[in-house]
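The values are calculated or read from the model by the stated rules, or taken from the named source; none is laboratory data. Note that the coordinates shown come from a computational prediction; the quantities given were computed from them, not determined experimentally. Cβ coordinates were reconstructed from backbone atoms using ideal geometry, including for glycine residues, and neighbour counts include every protein chain displayed.
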Amino acid sequence: MSTLNITIFGTGAMGTLIASRLDFLKSENKKCIPEINVNLFGTWKQQVEKIRKQGLTLEHIDGSRSIHHLNITDNIGNLPASDIVIVLVKSYQTDRVAREIPQILAPAGIVITLQNGLGNRDILCKTIDSRRVGQGVTLQGATVVEAGMIRHTAENSTYLAPQPETEESIEQMAMIFRAAGLKTYIVDNAESMIWGKLAINIGVNPLTALLEVQNGELADNVMYRRIVALAVREVKAVACKLGISLPYSDPYAATISACHASATNYSSMLQDILNNRPTEIDSMCGEVIRLSERTDVRMPVNKFLLEHVKAKEQGIAFKPELLRRVVQEN
């Protein structure tokens with residue numbers, strides 16, 4: 001059985017988490033799957049250099065740690081022809097990697113996006129045959145502690161949706177993920193799970209980024225809970241108009257539950273703000289607002305969050321008292 005080359009685009013928390021789990025699998029003698037060669041590609045030079053020299057330190061949910069010496073590079077010329085490419089970059093980087101992936105994609109290779117937000121697959125399909133691009137969603141949770149170290153914060157499921165032409169490869173990928181201890185399911189259509197995660201992300205990420213608070217504080221404050229409820233209600237309304245059912249009946253309850261489960265976490269959007277990086281607000285609130293134009297759903301809270309997160313990206317301080325007005329008006 002020939003070696004299967006897997007390349008992960010993205011060296012942040014989720015990319016390195018998945019790579020470390022597959023690295024553990026590589027060290028095991030698993031007869032039911034092919035031999036795999038896992039590569040990481042990204043542009044975060046400090047992360048790349050730290051992992052290259054010292055390995056990735058992974059802090060597990062139980063507090064124990066392991067070190068993983070991963071094949072990582074910021075030079076695309078160092079990557080082999082890849083049978084499976086997993087895209088885990090920030091959504092604003094999708095356009096760039098869509099141009100890079102064809103350089104290393106094997107003739108029969110496939111691409112699957114597990115990114116946050118909406119619209120990533122459409123961008124990838126501009127430069128890659130859409131029949132070879134699948135999508136999915138992972139509910140695994142991880143956060144960067146510092147360059148070279150991540151913390152695994154939530155052990156949840158991953159859902160993959162194949163195209164007819166990629167079904168065999170997606171089945172193989174799911175089998176590999178399961179062998180690595182990642183709960184993975186194949187679904188006919190990933191839209192429900194993607195929108196379900198989107199609603200929770202919109203309920204948590206923008207508000208924590210504006211207020212600079214841990215996730216748990218949203219659940220502990222009456223005003224913040226009201227904003228969460230209004231934001232995710234708008235997402236559910238747009239999804240319903242588009243014929244998409246969320247994987248739960250009450251997105252507000254699901255979001256508050258997620259806040260409790262990740263109470264001490266700093267959301268990825270807050271980490272981006274604190275590190276002066278662009279956020280994924282456009283692929284979250286921005287995309288839902290764009291799609292709402294096909295419907296008669298009003299989006300005042302998502303528009304508020306979009307406007308003020310983008311302002312904060314530009315260094316404009318957020319005034320928390322503005323939230324009271326949003327609640328009063330909606």
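Listing for the model above:
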read-out	value
Residue count, the range 192-220 (criterion: more than 24 Å from E313 (Cβ to Cβ) and polar (S, T, N, Q))	1
Residue identified as modelled with pLDDT of 90 or more and at positive phi among G136, G117	G117
Sole residue being outside the structural domain of P278 (by TED's automatic domain parsing), closer than 24 Å to A154 by Cβ and touching a Lys or Arg at 6+ places or on another chain (Cβ under 6 Å), chosen from I67, I86, I61, I72	I72
Breaking point among (1) surrounded by 17 or more Cβ atoms within 10 Å (Cβ to Cβ); (2) modelled with pLDDT of 95 or more; (3) polar (S, T, N, Q), for Q103	(1)
Residue count, the range 211-259 (criterion: in a helix (DSSP H, G or I) and closer than 22 Å to P320 by Cα)	24
Selection count where residues are in a helix (DSSP H, G or I), within 18 Å of the chain's Cα centre (by Cα) and among the hydrophobic types (A, V, I, L, M, F, W, C), scope the range 174-191	2
Scan of the range 280-330 for residues that are without any contact (Cβ under 8 Å) to a residue 12 or more places away in the chain, among the small types (G, A, S) and either in a loop (DSSP other than H, G, I, E, B) or in contact with a Leu (Cβ under 7 Å, 6 or more places away or on another chain) (or both), ordered by number	G315, A317
The range 120-160, residues that are touching a Lys or Arg at 6+ places or on another chain (Cβ under 7 Å), among the aliphatic types (A, V, I, L, M) and closer than 17 Å to Q47 by Cα	A142, V145, A147
Selection count, the range 207-231, where residues are without any contact (Cβ under 8 Å) to a residue 60 or more places away in the chain, hydrophobic (A, V, I, L, M, F, W, C), over 20 Å from N276 (Cα atoms) and crowded, with 17+ Cβ neighbours inside 10 Å	4
Any hit, the range 37-49, residues being in contact (Cβ under 8 Å) with a residue 60 or more places away in the chain, among the β-branched types (V, I, T) and not assigned by TED's automatic domain parsing to the domain that holds M284	no
Of residues in the range 155-169 being buried (at least 20 other Cβ atoms within 10 Å of the Cβ), more than 17 Å from the chain's Cα centre (by Cα) and not small (G, A, S), the one nearest to I36 (Cα to Cα)	T166
Residues of the range 298-314 classified as of a type in the set (K, R) and surrounded by fewer than 14 Cβ atoms within 10 Å (Cβ to Cβ), total	1
Qualifying residue in the range 98-115 (condition: part of a loop (DSSP other than H, G, I, E, B) and among the acidic types (D, E))	no
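Residue by residue, here is whether (1) closer than 30 Å to I61 by Cβ; (2) surrounded by 13 or more Cβ atoms within 10 Å (Cβ to Cβ); (3) at pLDDT below 95 holds:
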residue: S249; (1), (2), (3): yes, no, yes
residue: T255; (1), (2), (3): yes, yes, no
residue: Q271; (1), (2), (3): yes, yes, yes
residue: N275; (1), (2), (3): yes, no, yes
residue: T279; (1), (2), (3): yes, yes, no
residue: D296; (1), (2), (3): no, no, yes
residue: L322; (1), (2), (3): no, no, no
residue: V326; (1), (2), (3): no, yes, yes
residue: N330; (1), (2), (3): no, yes, yes
